[in-house]
Amino acid sequence: MYGDMRHLPFENESFDLVMRISSIEHLHQQIFDERQIKNYNTFIRDSKRSVEELGRVVKNGGIIYITSDLYDPNLQKTDRWWKSLQDDVVVGAYKFEDFSSTFIDSLRKQGFVFSGKDLDLDFSLVINGENRSNFRGRYITTFYLLMSRCRN
């Protein structure tokens, strides 16, 4: 099915489980046309809308599972893994400081809570960890978010 992550073609509370695995970070890419790259603020706004849509289609007691990439803007200034129009752009990832407001806060407003242990929001291992993976010099990590809807 082809569609728009910001406007899902499903009724409210249609699914017991929804998953978005490493796809939301590509929300701003229109069939890999670099002329369609949106600025970061628009990307964040659209991402929040997309997360709200995911939450909308999850049933009470249902689960949402999201993965995506985060980066430290103090260390990761550019990202040339995908051609961009600007030299100072990171595409396909979220700044650490935008993680909570974009994902967690958006879902909590819809009655979601963490499934199991609360998420550790200390991203220092990505920056300082001696065993961290250095993928092409990137200070980027993949996160997962597992939450369930608990409305009374």
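Take the conditions over 18 Å from LEU27 (Cβ atoms), at pLDDT 80 or above, in contact with a Ser or Thr (Cβ under 9 Å, 6 or more places away or on another chain) and surrounded by 19 or more Cβ atoms within 10 Å (Cβ to Cβ) and apply them to GLY62. Does it pass?
Details: over 18 Å from LEU27 (Cβ atoms): yes; at pLDDT 80 or above: yes; in contact with a Ser or Thr (Cβ under 9 Å, 6 or more places away or on another chain): yes; surrounded by 19 or more Cβ atoms within 10 Å (Cβ to Cβ): yes.
Against the criterion (over 18 Å from LEU27 (Cβ atoms), at pLDDT 80 or above, in contact with a Ser or Thr (Cβ under 9 Å, 6 or more places away or on another chain) and surrounded by 19 or more Cβ atoms within 10 Å (Cβ to Cβ)), GLY62 qualifies.
For region 39-59: of the residues being outside any helix (DSSP H, G or I) and at pLDDT 90 or above, which is surrounded by the fewest Cβ atoms within 10 Å (Cβ to Cβ)? Write out each step before concluding.
First pass over region 39-59, keeping only residues outside any helix (DSSP H, G or I): 39, 57-59.
With at pLDDT 90 or above added as a condition, the list becomes 57-59.
On the way: VAL57: 17, VAL58: 24, LYS59: 15.
So, considering only residues that are outside any helix (DSSP H, G or I) and at pLDDT 90 or above, the one surrounded by the fewest Cβ atoms within 10 Å (Cβ to Cβ) is LYS59.
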(message) Any residue at all in region 19-38 that's modelled with pLDDT of 90 or more, within 24 Å of GLY116 (Cβ to Cβ), of a type outside the set (A, V, I, L, M) and under 17 Å from the mean Cα position of the chain (by Cα)?
(response) yes
(request) Return the pairs, sorted by first residue and then second, in which the second residue is of a type in the set (D, E, K, R), the first residue lies in region 55-73 and is closer than 16 Å to SER100 by Cα, the beta carbons are less than 7 Å apart, and the residues are 6+ apart or on different chains. (result) ILE66/ARG20; SER68/GLU25; ASP69/GLU25; TYR71/LYS95; PRO73/LYS95
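The values are calculated or read from the model by the stated rules, or taken from the named source; none is laboratory data. Small disclaimer: the values here were computed from a predicted structure and weren't measured. No Cβ is skipped: glycine too gets one built from the backbone with ideal geometry, and neighbour counts run over all protein chains shown.
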